[in-house]
Amino acid sequence: GTAWHEFCDRLKATGDRILGEGYPTEERDRAEGYRYLTRLLSYAVRMEVEAGDPAYPTMCRYEEPHTQWGGPTPDNTYLRARVSAEHDYRVWGNVAGMRQAIFSLQEGDMQMEQYGVFSEQSLDDYTVGPNGEFELWISREPRDGNWMPMHDDAHFFQVRVYNSDWANDVSPALHIERIGAEGEPPPHLDAGDLADSLERAVHWVEKSALYWNNYTRAAWKHATPNTVNPAKSTPGGADNILYGTCFWQLEEDEAIVLECEKPEAEYWNFCSHTIPWLQSGDFANRQVSLSGHQIHVDTDGCIRVVLSARDPGVPNFFMKPPSALQGHNKPIIVD
């Protein structure tokens, strides 16, 4: 019971911080903050308590509408599994119809000050069977076929599956198992292991809630509103993902028009995010992003995206959310 009480006390203290200095004061934004904590907790408990044993890994899907942080791309399916350099792993599935994916070994998350990205490879770097059969080995020693070298500091195996054409792109199931434990069920729950997993989960929630609030507010402080910053990669992210940002500040009767040439990239999109929680909004039910297949390209080859409080009756329109805080539009280009 001691571990559970500490878990609950730390979670309560994290919630209390939302009422403190440096956090939003409007009722709706505070409500979103508490919902944000439930989303962080939902992921953390699933990842650390249910899937936290690298000896018996399982793929966890995250950055869904109800579990998002760090400005996810609504077009992506995000998967990760806990791994350890002490073990070798096999990943498999059928990837027929998958547009593109990035596979990597990760040290952890930005908010945990774990920026290492190891052995990053794309789907087209690998051999796929004639009917979409896919198999990948993760180990220290080279293996025949598709192989990803294990790294001492790797704690997660992560997959980003890219969907641009929602009518045709496929996001299939992928599986992972430890070599030597094929078909074995995980051991029964141990009290000490549960205490450790609860501590990891609440620590992740604490760090995440603090980090992204500070991150977005610091970025807003140094931003020039309604001005686009050049696209670049970010620490802890994939090297071949480039993020361009534009923080906006609009009155109810104003609009901003973002204009660019059509990118030469396998995948690209425009996506709006919230401050201070850096979420992508209700992308299951609302238009918060436009992929390269969804967006309209004008006859002159340019793309024009419009953000305003009211629909101006033109293509590529984003609704400005009715929030006390300013917004963050992040065009994402993947080379």
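A short reminder: the numbers here are calculations on the coordinates, not readings from a lab. This one's a predicted model, so the numbers in the text were calculated from it and none came from an experiment. Positions of Cβ are generated from backbone atoms using ideal geometry, with glycine treated the same way; all protein chains shown enter the neighbour counts.
Suppose R0 equals 41 Å; then what is the FRET efficiency for ALA13 and ASP300 from their Cβ-Cβ distance, rounded to the nearest 0.05? That pair, ALA13 with ASP300, gives E of 0.15. Computed from the Kirkwood radius of its Cα pairs, the Stokes-Einstein diffusion coefficient for segment 1-103 at 4 °C and 1.567 mPa s stands at 78 µm²/s.
By the Cα gyration tensor, the chain has an equivalent ellipsoid whose semi-axes, rounded to whole angstrom, run 34, 28, 15 from largest to smallest. Each peptide in 148-157, 266-275, 16-25, 90-99 was scored by the mean count of other Cβ atoms within 10 Å over its residues; highest first, the order is 266-275, 148-157, 90-99, 16-25.
Taking every DSSP bridge with both residues inside the chain, close to 90 percent are antiparallel. For segment 171-191, backbone nitrogen atoms closer than 20 Å to the point 7 Å from THR58 Cα along Cα-to-C-beta are found at 172-191. When we measure straight from the Cα of LYS262, which aspartates and glutamates land under 14 angstrom away, once same-chain ones fewer than 8 places off are left out? Within reach: ASP298, ASP300, ASP335.
Cross-link partners of LYS320 among lysines, defined as those whose alpha carbon lies under 16 angstrom from its own and excluding same-chain residues fewer than eight positions apart: LYS330.
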